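Engineer: Quick one: the structure is below, and I'll ask about it shortly.
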Amino acid sequence: MEISDIPLELTDKIFQIKFNPDQTIEKITSYFPLSEQECLLINSISGQNTFSNFNSIFSDTVTDEEWNKTKEQIKKRFQSELFDIDNQS
């Protein structure tokens, strides 16, 4: 599976996808928890119907409307906080 196989509106919600050496998905980390439908779509696209290692950075659940309104701000803030962590060491 390629990341480009996942629809853009879904990849936008994903922070990171880690792959195993055989190119199967090891772990998916999204900004907020993905819906059950979104997880099923990823499983269908990847052919890994039993994959369940979905994680999220934030535990709050947001609607697509809320996500679309705030995603750029959330991504920018999260990236800034990551850089601040790097600068503290």
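Engineer: Can you tell me which residues in the stretch 6-17 are in contact with a Ser or Thr (Cβ under 8 Å, 6 or more places away or on another chain) and open to solvent by 50 Å² or more (accessible area, probe 1.4 Å)?
Structural biologist: Matches in the stretch 6-17: 15, 16.
Engineer: Applying the selection to the stretch 27-84, what residues are in a helix (DSSP H, G or I), open to solvent by less than 60 Å² (accessible area, probe 1.4 Å), of a type in the set (Ser, Thr, Tyr) and within 20 Å of residue 9 (Cβ to Cβ)?
Structural biologist: Scanning the stretch 27-84 gives 46, 70.
Engineer: Which residue is nearest to residue 78 (Cα to Cα), if the candidates are limited to the stretch 12-50 and must be small (Gly, Ala, Ser) and in contact (Cβ under 8 Å) with a residue 24 or more places away in the chain?
Structural biologist: Of all residues in the stretch 12-50, those small (Gly, Ala, Ser) come to 30, 35, 44, 46-47.
Then keep just the ones that are in contact (Cβ under 8 Å) with a residue 24 or more places away in the chain; that gives 30, 46-47.
Values: 30: 12, 46: 27, 47: 31 Å.
The residue in question is 30.
The values are calculated or read from the model by the stated rules, or taken from the named source; none is laboratory data. Please read all numbers here as calculations on a predicted model, not as lab measurements. Glycine also receives a Cβ, built like all others from the backbone with ideal geometry; neighbour counts cover every protein chain displayed. Surface accessibility is based on the protein's heavy atoms, side chains included, excluding ligands, DNA and RNA. Shrake-Rupley method; radii C 1.70, N 1.55, O 1.52, S 1.80 Å.
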